[in-house]
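Reviewing the structure listed below.
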Amino acid sequence: MNHETKIAIYPGSFDPLTNGHIDIIERALDIFDTVIVAVLHNPNKKSLFTMEERVEMINQSFNGQDNVLVDSFGGLLVDYAKMKKAVAIIRGMRALSDFESEFQMALMNRKLNKEVQSVFLMTGFRWIFTSSSIIKEAAQFGGEISDMVPEAVLVKMLEKYPNTK
Ligand code: PNS
């Protein structure tokens, strides 16, 4: 990778990856050369999928795309971003309700490291209501989620919730 390469980190829980996340990654690739999708390792947060499963589902969804890298991280996001020589942290913005917590996190990240910029991208209208948690809830009760997640995620969701479609 040369010095001109602009790397962005797209951090999150990705439990699991949704089409909304994919939309944000594609938008980020219009601006940055490489996007590192970084899955947070958080032992305090209960997740449906293991870290390995979450990383694998993202890898399968971007199979062969060399400008999307998938990794996991623990500790402070800004430290991880610095280690990866990233210039920006990407966060998706769906609605006003996302703003307050995102604003607080971005300001804290800036206080911790002034050199990494937070970049907020608006998700496509189609995905404005999607989130990993609402998709999990719908799947749990047999709702159809097939148009909201990539194929690799749907397969794994069907293993957990055979009644979903
Ligand atoms: O998908 P999520 O759960 O909304 O992602 C939240 C995430 C991973 C971006 C955030 O929890 C995070 O960055 N955690 C790492 C610890 C950290 O650096 N926190 C922010 C400043 S204290």
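The values are calculated or read from the model by the stated rules, or taken from the named source; none is laboratory data. The structure displayed is predicted, hence computed values, not measured ones. Glycine gets a Cβ as well: all are built from the backbone with ideal geometry, and neighbour counts include every protein chain shown. Calculation scope for accessible area: heavy atoms of the full protein, side chains included, ligands and nucleic acids excluded. Shrake-Rupley method; radii C 1.70, N 1.55, O 1.52, S 1.80 Å.
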Calculate how steeply helix 51-61 sits against the longest principal axis of the alpha-carbon atoms of the chain, using the helix alpha-carbon long axis, and give the answer as 0 to 90 degrees to the nearest 10.
90
The range 1-109: trypsin sites (Lys or Arg not before Pro) in DSSP coil with no more than 13 other Cβ atoms inside 10 Å
Lys6, Lys45, Lys46, Lys85
Per the helix-only model, the chain has a calculated mean residue ellipticity at 222 nm (DSSP H runs of ≥4, -39500 (n - 2.57) each, divided over all residues, rounded to the nearest 500) of -12000 deg cm²/dmol
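Any chance you could tell me what percent of the C-alpha pair distances in the chain go past 26 Å? All intermediate terms of the calculation are to be shown ahead of the outcome.
Details: 3495 of 13530 pairs.
Summing the P(r) of the chain above 26 Å gives 26 percent of all pairs.
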Just the number please: accessible area per residue for the chain, 1.4 Å probe, all protein chains included, in Å².
59
Name the residues whose placed amide hydrogens come within less than 5 Å of the amide hydrogen of Ile89, ignoring near sequence neighbours (fewer than 5 apart) on the same chain.
Ile9, Gln117, Ser118, Val119
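Got a number for carbon plus sulfur as a percent of the chain's accessible area, 1.4 Å probe?
Numbers: 5140 of 9720 Å².
Of the solvent-accessible surface of the chain, carbon and sulfur hold 53 percent.
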Distance from the Cα centre of the range 110-165 to that of the range 16-64, in angstrom?
10
With 10 Å bins from 0: P(r) over the range 89-165, alpha-carbon pairs, percent
17, 35, 26, 18, 3
Modelling each spin label as a point 7 Å along the Cα-to-Cβ direction, I'd like the Met83/Ile134 distance in nm, to one decimal.
3.4
For Ile145, the residues 5 or more places away or on another chain with a placed amide H closer than 5 Å to its own amide H are Lys165
For the range 50-111, what size does the Cα cloud have along each of its three principal axes, sorted from largest down, in whole Å?
34, 29, 24
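Subtracting the Cα-Cα distance from 0.36 nm times the residue separation, let me have the gained length for Asp147 to Lys165 in nm, one decimal.
Working: separation 18, 0.36 × 18 = 6.48 nm, distance 0.94 nm.
Contour length minus Cα-Cα distance gives 5.5 nm.
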If I histogram all Cα-Cα distances within the range 126-165 using bins 5 Å wide from 0, what percent of pairs lands in each bin?
6, 28, 40, 19, 6, 1
Contact order relative to length for the chain, counting C-alpha pairs under 8 Å separated by 6 or more residues, stands in percent at 27
